[in-house]
1. Give the stretch 468-505 a look and list any residue that's farther than 17 Å from V529 by Cα and small (G, A, S), or say none.
2. Residue by residue through the stretch 444-460, note down the ones that are over 22 Å from the mean Cα position of the chain (by Cα) and part of a strand (DSSP E or B).
3. Looking at (1) under 23 Å from S97 (Cβ atoms); (2) surrounded by fewer than 21 Cβ atoms within 10 Å (Cβ to Cβ), can you tell me which one V621 breaks?
4. Considering only residues that are touching a strand residue (DSSP E or B) at 6+ places or on another chain (Cβ under 9 Å) and of a type in the set (S, T, N, Q), which ones fall in the stretch 227-266?
5. Does the stretch 300-316 contain any residue that is at pLDDT 95 or above and closer than 21 Å to G153 by Cβ?
6. Counting residues that are within 25 Å of the chain's Cα centre (by Cα), of a type outside the set (D, E) and modelled with pLDDT of 95 or more, which strands (runs of 3 or more DSSP E) fully inside the stretch 217-260 reach at least 2?
7. Counting only residues that are among the hydrophobic types (A, V, I, L, M, F, W, C) and in a strand (DSSP E or B), which one in the stretch 117-146 is surrounded by the fewest Cβ atoms within 10 Å (Cβ to Cβ)?
8. Only one residue in R261, R288, R273 is touching a Gly at 6+ places or on another chain (Cβ under 9 Å), of a type in the set (K, R) and within 21 Å of I138 (Cα to Cα), so which one is that?
Amino acid sequence: MRRTDFQKLLFALLAFLFCSALPVFADDDPLQTLGFTDTLEETLVSTSRALRPASRIAENSTVITAADIVRLNAHTLAEVLQTVPGIQIESLRTPSSYTFFNIQGALSNTVLVLIDGIRQNDFNQNGVWLGLIPVQQIDRVEIIKGAASAAWGPALGGVINIITKAPNTERAVSGMLSGSIGSRLTADSRAELSGSKERLGYYLTAGNLRSDGFSANTATNLTSLYGKLIYKLPGDGTVTFGLSHLGAKPGLDEVDVGPPRNWGFIHDNNEYRRNNGFLKFQQPLTARLNLDIDGYFTNRDDHTKLGGRDDQGAIFFSNDYAVRDTSRGANARLTWGDSQQSFVTGFEYKHVQATSLDLFSSAPPFYDRSWDSWALYGNGTYTIGRLTLLPGLRRDHNGIADNSTSYTLGATYQITDKTTLRAYGAQGFMLPTPSNQANALQRIKTLQAGAETEAVPYIWLKGTGFYNILRDSESAGDIAITNQTRQGFEVEARTTPLLNFSLTGGYTYLYAKNSDSGERLQTNSQQSVPPHVVKLALNYDEADLGLSGALTGNYAWWNRADGYPAANAGMVWDLHLNWKMKTDSELSPELFFSGHNLFNAVQTTDDVIYKNASRWLEGGVRVSF
């Protein structure tokens, strides 16, 4: 289909949504008649392990809800985070395929990703594969942009904290069935079951995502299982047990890499098996004092097979790199107070066994190590009138590297009920990779300051400036150690609904340089430092008609190094539409449609190996009961 045809289709779809929202003009207030809402709800965020209103959060944070995820018809966490200001996915190919990402220039191997409090980063390169995190079980995602080590430990570049869904407390049995099909036989099948009876609640979900792939050898088959049981104890305490399993076989890439790298023909495959489990105990001790004790385990067995073609043109594999790690640990913490005054103190312990080797080689493992780590931390909130102070301190015995002390001191000040100033300074760290023989911690000192306001009618505005000093920063791939300075600013805006439409947007500017040489950093195979990133979205919600949708846009200017094949040609536009056919019927099917990269833009840090998918379409149906 030609580009002009898609523009006409897009205009027709948006016109249909707009016309369906036109109200009957019978209201005396013209703004109310037009469907304006003059306030935005304040969210709660647990950036320091205790829920607080967003107006009392010093860090630059963003919250994504389950409703946001449904509106985007997302398959994995990668597609969700691509819409968040300050976060840039380096390539979106076949759903669940591998990609790097960055938060304001902080590489993905410095960002801590948690699900139910369990670390998702591997111990091999501190990396995390966002495409292997399905979204069905996600209730909310809390994103901290910037150092957060005083609360979370190794989180130099930020935290992505995923909270999974809780059992339905209103019914004994409820659930959801969903299926979709799209280009290249891309299919996503899901089932969900949830409910409560007396003191016991349960949440179960299973899913399968498969595709023939949108570029050579990026076919995928991902199966996920997740379950959670919650038992209510006398005295308002709870015991929660959770278990997850993931098995995936995503192709990595297949391409003939010519000049200037001259790698020749490569053909890479992957196979992953991961299991996580946890047991949590929560008990109020007094009206303002709570005890939490968690225990968990993880088991990972990841394989990456690297290959090419032999003299007869047949594909063969020369390496089978296996990364195997297990961990087990426990956390205990006391939380005192409320959203005005609070204090959280806790103790963490972890044991890790990690191995990396080439199964096709008789050489010794690249590493085979085990270590124990523990930490003590405390974070507080103290509010005096409109001023809130937010101190934090943490001491880590890292086992694999030097011990570290992290701290933060933040503050928020509410000038009015609609305008908040915030600032914080922090020192944080990230663990080195096990193959780093120097075992030097990556360290950061950061300053952030900004403001958010609803003083302008019907618009929410937020701006944040940041200045980061990094020492012993590890790059991606073949590890290079550098000292860096990263600075810039981020602005965000969101309108309240008009005729059920709302706009959101964000812009991030980044200036990153080598602190030793003074040279400005450029995007290459070791790092991605885009100076300009733009996010746009037009959202629509009309509950009475069962209609919702989103048109999202993403653009990054990579500032690529000479000879490196990063590309930024046009803004990537995605369209997502949802329609519940009968809003008065709980069992009514909900139809959904998504058009990805409508105008075939290119946004990737490597358009030879990791070129993003061109235009593709999908549609499906889900039924809740």
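1. A493, S502, G505
2. Result: K445, L447, A449, G450, A451, E452, T453, I459, W460.
3. V621 satisfies every listed condition except (1).
4. Let us first name the residues in the stretch 227-266 that are touching a strand residue (DSSP E or B) at 6+ places or on another chain (Cβ under 9 Å), namely 227-233, 235-258, 263-266.
Those that are touching a strand residue (DSSP E or B) at 6+ places or on another chain (Cβ under 9 Å) and of a type in the set (S, T, N, Q): T238, T240, S244.
5. Within the stretch 300-316 (the criterion being at pLDDT 95 or above and closer than 21 Å to G153 by Cβ), the answer is yes, since at least one residue qualifies.
6. Numbers: elements: 220-232, 238-248, 251-257.
The qualifying strands (runs of 3 or more DSSP E) are 220-232, 238-248.
7. Let us first name the residues in the stretch 117-146 that are among the hydrophobic types (A, V, I, L, M, F, W, C), namely 118, 123, 128-130, 132-133, 135, 138, 141, 143-144.
After this cut, where a residue has to be in a strand (DSSP E or B) as well, the list is 118, 138, 141, 143-144.
Values: I118: 19, I138: 22, V141: 24, I143: 24, I144: 26.
Ranking the candidates gives I118 first.
8. Numbers: R261 fails: within 21 Å of I138 (Cα to Cα); R288 fails: within 21 Å of I138 (Cα to Cα).
Of the residues listed, the single one that is touching a Gly at 6+ places or on another chain (Cβ under 9 Å), of a type in the set (K, R) and within 21 Å of I138 (Cα to Cα) is R273.
The values are calculated or read from the model by the stated rules, or taken from the named source; none is laboratory data. Everything quoted here is computed from the prediction, not taken from an experiment. Neighbour counts run over all protein chains shown; Cβ positions are idealised from the backbone, glycine included.
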